[in-house]
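Just below is one structure, and these are the notes that go with it.
The values are calculated or read from the model by the stated rules, or taken from the named source; none is laboratory data. Small disclaimer: the values here were computed from a predicted structure and weren't measured. Heads up, the Cβs are rebuilt from the backbone with ideal geometry, glycines too, and the neighbour counts pull from every protein chain shown. The protein model used for the area step is the full one, side chains on, heavy atoms only, and it has no ligands, DNA or RNA in it. Shrake-Rupley method; radii C 1.70, N 1.55, O 1.52, S 1.80 Å.
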Amino acid sequence: MTTSNESAPSDFSNEDFMTNPSLAMDACFTAFDKDGDDRLSLAEFTLICRALFRNDKGHIYVVPSERLDEMFAVFDKNEDGYIDREEFQFCWNQWIKTIVRPISAFLIVDVQNDFISGSLNISNCSAQQNGLEVIDPINKLLDTVDFDSVFYSLDWHPSDHVSFIDNIKQRPIHPTSPLNADNAQVYDTVIFAGPPPMKQRLWPRHCVQDSWGSELHKDLKIVDQGIKVYKGTNPEVDSYSVFWDNKKLSDTTLCGQLRMKGATDIYVCGLAYDVCVGATAIDALSAGYRTILIDDCCRGVDVNDIESTKQTMISNNGVIINSREVKAMVEGRDRRPELGYKLAMELKNADSDLSKNNACRRQSQPQQDRPQ
């Protein structure tokens, strides 16, 4: 494709191009309908993707052909091999607009005293990483990036919590457990009797409600409109993810807050990379959100588990980036194909949270009223 073919319609970041939604949609369709037959072929849809998926330096991201086929099929609803103007309206409103103007939530996970210098200081774990190192890059993002919402999660355990090793004798151990109450040590996994039987990794007592260890670190910036989310409050169930407890028995306030904000993209970071951060990112993907893990704003417990977390993210269409890349992505100037593919696959399922969020926010919020 030549430069002249791409120049005008490819500038999805151009404010003028997005000012009037209906005119912009028609202009986009016409610009890429190269043969003028009033429908878009797969080849013409591919040109849209070349214009759409690029970074703020103009680099075009390569989209594998099989993924182009899958995304095209989402919008070719009558399966005639083309996207007509009615089908393109869905593509424009639910897909292109979200990619160009995402609604971004910043989720800072468990940057608490106990994980940095307290009873569960992660620098004492096998990876020997310093949790304090996440604070400066997180603060810089809070100072320089205009997120639509900011959330801080806190481990918030009652004193009799099931994960504390010094509480191990408070609950019966299942006969199939590889360890018993007398020989289990910190970081071991036991099976409690339940019912039902429940695997549990054992941790030092940490982040007990209203203790110094449960407080967010004093150097972490707390923004005025930041929302705190408390997890791990049920003494009988551990809760790594900020979305749900480990048994998916109950959710936190995060799910409702994200829906209320109309969030499409979630940027996740904090402590510990391979435990609560990883569980949260995976749950965000499972819930249908376009999920971005900020690598240099995380520190973890075990190097192998950190790598496993990264692989799970990538295999589920998440993206792992450095904090210097965040601003351009939040502003819609760096548009990753993995996230576009993730969104298209969610749009196949009308019942997904992200699909519902998109429909609601596009109906209720005119483009000119969107945060810029």
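For the range 30-61, the candidate set comprises residues that are of a type in the set (A, V, I, L, M) and out of contact with any helix residue (DSSP H, G or I) (no Cβ under 8 Å at 6 or more places or on another chain); within that set, the residue that is surrounded by the fewest Cβ atoms within 10 Å (Cβ to Cβ) is ALA43. Considering the range 230-342, the qualifying strands (runs of 3 or more DSSP E), each wholly inside and each with 3 or more residues that are touching a residue at least 40 places away in the same chain (Cβ under 8 Å), run over 265-271, 290-299.
Inclusion of ILE227 among residues that are modelled with pLDDT of 95 or more, open to solvent by less than 50 Å² (accessible area, probe 1.4 Å) and out of contact with any Lys or Arg (no Cβ under 7 Å at 6 or more places or on another chain) is warranted. For first residues located in the range 96-117 and acidic (Asp, Glu), partners that are part of a helix (DSSP H, G or I) and lie 6+ apart or on another chain with Cβ distances below 8 Å form the pairs ASP110/CYS276; ASP110/VAL277; ASP114/GLY213; ASP114/SER214.
Matching residues to (1) open to solvent by less than 70 Å² (accessible area, probe 1.4 Å); (2) within 24 Å of ASP37 (Cβ to Cβ); (3) in contact with a strand residue (DSSP E or B) (Cβ under 9 Å, 6 or more places away or on another chain):
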site: VAL63; (1), (2), (3): yes, yes, no
site: PHE72; (1), (2), (3): yes, yes, yes
site: ASP76; (1), (2), (3): yes, yes, yes
site: ASP80; (1), (2), (3): no, yes, yes
site: GLN89; (1), (2), (3): no, yes, no
site: TRP92; (1), (2), (3): yes, yes, no
site: ILE96; (1), (2), (3): yes, yes, no
site: PRO102; (1), (2), (3): yes, no, yes
site: ALA105; (1), (2), (3): yes, no, yes
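The residues listed here are ASP166, ASP210, ASP136; of these, the one that is at pLDDT 95 or above, surrounded by fewer than 18 Cβ atoms within 10 Å (Cβ to Cβ), more than 29 Å from the chain's Cα centre (by Cα) and closer than 25 Å to SER119 by Cα is ASP166.
Looking at GLN185, is it within 24 Å of ILE321 (Cβ to Cβ) and in a loop (DSSP other than H, G, I, E, B)? Judged against the criteria, GLN185 is not a match.
Of the helices (runs of 4 or more DSSP H) lying entirely inside the range 19-76, none contains at least 3 residues that are on the phi > 0 side of the Ramachandran plot. Quick check on TYR267: is it under 18 Å from the mean Cα position of the chain (by Cα), farther than 30 Å from LYS97 by Cβ and surrounded by 24 or more Cβ atoms within 10 Å (Cβ to Cβ)? No.
Pairs are defined by a Cβ separation below 7 Å, a sequence spacing of at least 6 or placement on different chains, a first member in the range 33-59 that is under 21 Å from GLY332 (Cβ atoms), and a second member that is open to solvent by 40 Å² or more (accessible area, probe 1.4 Å) and not β-branched (Val, Ile, Thr); the pairs so defined are LEU47/MET1; ARG50/MET1; PHE53/TYR61; ARG54/TYR61; ASP56/ARG333. In the set (1) farther than 30 Å from GLN128 by Cβ; (2) out of contact with any helix residue (DSSP H, G or I) (no Cβ under 6 Å at 6 or more places or on another chain), the condition left unmet by GLU325 is number (1).
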